[in-house]
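One structure is given here, and the rest of the page talks about it.
A short reminder: the numbers here are calculations on the coordinates, not readings from a lab. The shown structure was predicted, so the numbers you read here are calculated from the model rather than taken from an experiment. All Cβ positions, even for glycine, are placed from backbone atoms using ideal geometry, and neighbour counts span all protein chains on display.
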Amino acid sequence: GVVVQADTPLGTTFESAEPPPASDPGAGATGTVVWNSGDLGSGSAGMVTMTVRVDSNLADGTVLLLSGYSVSSDQSLPARGPDLATTVQADPPFVLTKTVDPDPVAPGGALTYTVTLTNRSPTSLTGLVVHEVFDPNLDPSSISAFPAPDFGTSDRWSVPFLPAGGIKTMSITASVKPTAHPGTILRNFAIAVDPFGRSSRATQDAVVADIPSLTLAVNDLPDPVDSAGQVTYALTYANASDEPLSGATLHVIADDRLSLVSANPAPISGTNLAWALGTLPPTSAGVVFATFELDGSAAPGDVVRLDAWVEAASGHLATAGEVTGVGGGASGGQYFLNLSGAPRSLRLGVVTTQLYMIKVRNIGVAETTGVRITDVLPAGLQFLQSLPPPAERDGSALTYRIGRMAPGGSSLILIQAELDPTTPPGVFLTNQASVTDDQGNYAQASFSGTVRTGPTKAGSFRIALTTVKRVVAGTLLKSTLNVDNSGSTARNVAITLTGPDAAQFVSAIPGPSAVRTNGGMVELSWNVPSIPAPGKLTIKVTHRVRADTPSGSALQFTANVEAADHRTDTDTKTVEVRN
């Protein structure tokens, strides 16, 4: 018998509500909105949303106040929520947004808030300050952030300068108190202000919940994507319980502007976006790769969304979604800038080499000059090499001078760095890349990874990539991947080999599960149900180096292996091309 009730604030009119309310004043009118939300199970939570339209004649600085909204049930008196105030501001020069991951989160679990400050004005801004307000159910001693907050604080960041179109991102990690009761809403609030009193606010709530038996996560690559390009979604599902879950099925709902190109494994015959997963063993995991193509109708700055859910015959259910930006709208109007990295997590003494790939493209209609790409490696990583080499290096800051870039022109940079063995586990490694030119255009991107602890008693789980040091253009290149498991049985093992498209894939024994091309790189992947312990797996791969590959080119290959129990390893080799 749960009922939620709210009145439209003074200075606004009702627009819409989700889920559909039992009663409302109608679009364009004022009054009370009522939702009959039914029954709420123990430890569960719910949400309703109401959208109102601000009166067009309100002056800047007018405060809109939502007060008196309440929730009641057959067993309780109405409980009022705290007043919410919003300031009317026409065409704000900067906007603050935030996201949280994961949501829901388990008691004692860690979550990460990503706070993004964007300069929407045509001129640079100075003297900005971002403040955070943390929920009391978060452990204050666990809060960490990159970049670090202002000295002596844990909730304040000064942004002295933000160029036109610039973006500043803050990644904040905190742990939920183990005593937080399932169903608790974790409320997080942020505000950005400038010296003139202008402000932008953002809120992000998360729900504390028991760890579900079935989980689902969706990741996209690339993001952002060209308006007529292809994007690959990795849909990772897992059975976190100690019991098998039978009759599992994965469903996907894609944006109307997305059409399925390929998937591994293939979807159910007769359907486009459903996969029969069968029985999921206890503590097992799997992944479905689905590649979609955009129809070209999306404009730069638009987003496309993909939603998914996995369900079992027992009624267990998990949902997830992913939003992908289009054409560089998230990074500025002149350039598409994408920064990706592998692996996502480094491991002390085991996986210590980090690879970054920076791709920039001129999506404008005019040629740009003096194009410069700057990459700032995170503390904890030491620069090894890059292709091409940096024009300048100042500590962890690498500068690459591209010069002129015609409309549609692009440039690709590969960077290799090594983990400092003194870096403590749990640290976030956030790499920041930006592109500027003599015309004042600017775009920024970032990639965050983590540092995990070293080897455990679970035993060794290694991958070794063996190949030649030099190869002649136009000839075959043979490589071997050896996976050695001396620990416990590894299940749902994912193996990848990534290299430049100058090395064209010919064959492999056994054959790969999928072959994907993105940004001038080719990725081969194998899905192996299990590798016993002790046990080994050998994969033999043959490439052909393109005959037009310039002599002296360095072909860099990266092999990665990861099991469902999160054991992972990476190996990298570089092959020099001779004519």
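Converting phi to 3J(HN,Hα) with the Karplus coefficients 6.51, -1.76 and 1.60 and the offset θ = phi - 60°, the range 73-90 yields 8, 5, 9, 8, 6, x, 10, 7, x, x, 4, 10, 10, 10, 9, 6, 8, 7 Hz in sequence order, with x at every glycine or proline. Under a 5 Å amide H cut-off, with hydrogens placed 1.01 Å from N, Arg404 pairs with Gly370, Val371 among residues at least 5 apart or on other chains. With no solvent and one point per C-alpha, what does the Debye sum give as log10 I(q)/I(0) for the range 142-272 at q = 0.11, 0.14, 0.15, 0.21 Å⁻¹? Per q value, in the given order, log10 I(q)/I(0) is -0.75, -1.05, -1.11, -1.30. Expressed as a whole percent, the proportion of Cα-Cα pairs in the range 201-248 lying more than 17 Å apart is 61%. Of all DSSP bridge pairs formed entirely within the chain, close to 95 percent run antiparallel. For chymotrypsin sites (Phe, Trp or Tyr not before Pro), no site in the range 497-579 is both called loop by DSSP and has at most 13 other Cβ atoms within 10 Å. Computed from backbone phi with θ = phi - 60° and the Karplus coefficients 6.51, -1.76 and 1.60, the 3J(HN,Hα) list for the range 475-489 is 9, 7, 10, 9, 9, 10, 10, 10, 9, 10, 10, 10, x, 6, 4 Hz; x is used for glycine and proline. Rg then Dmax, both in Å and based on the Cα atoms of the range 49-99: 15.3, 47. The Cα-based radius of gyration and maximum Cα-Cα distance (Dmax) for the range 117-159 are 13.1, 40 Å. Relative to its Kirkwood radius, the Cα radius of gyration of the range 1-73 gives an Rg/Rh of 1.04. Straight-distance candidates among the lysines for linking to Lys478, with alpha-carbon spacing under 18 Å and chain neighbours fewer than 8 residues away dropped: Lys469, Lys540, Lys573. What the Cβ-Cβ distance of Phe161 and Ala397 gives, at R0 = 22 Å and to the nearest 0.05, is a FRET efficiency of 0.85. For the pair the range 465-488 / the range 350-408, the C-alpha centres are spaced 28 Å from each other. Sorting 510-516, 149-155 by their mean Cβ neighbour count within 10 Å, with the most densely packed peptide first, gives 510-516, 149-155. Here the calculated FRET efficiency for Val472 and Val376, from their Cβ-Cβ distance with R0 = 41 Å, stands at 0.60, rounded to the nearest 0.05.
Shape analysis of the range 314-446 based on the Cα gyration tensor places the equivalent ellipsoid semi-axes at 29, 23, 11 Å, largest first.
Candidates Ile363, Val483, Leu250 compared by Cα position along the dipole of the chain: farthest toward the positive end lies Val483, with charges placed on Cβ. Counting pairs of alpha carbon atoms under 8 Å apart in space and at least six apart in sequence, what relative contact order in percent does the chain give? Computed value for the chain: 9 percent relative contact order. Of all lysines in the structure, the ones whose alpha carbon falls short of 20 Å from that of Lys98, not counting any fewer than 8 places away in one chain, are Lys168. The packing ranking, built from the mean of other Cβ atoms within 10 Å per residue, places the peptides 406-416, 260-270, 182-192 in the order 182-192, 406-416, 260-270, highest first. Labels on offer are (i) 77, 60, 51; (ii) 84, 76, 57; (iii) 80, 77, 43, and the one holding Cα extents along the principal axes in Å computed from this structure is (i).
For an R0 of 45 angstrom, estimate the FRET efficiency from the Cβ-Cβ distance between Ser507 and Thr114 and round to the nearest 0.05. Calculated transfer efficiency: 0.60.
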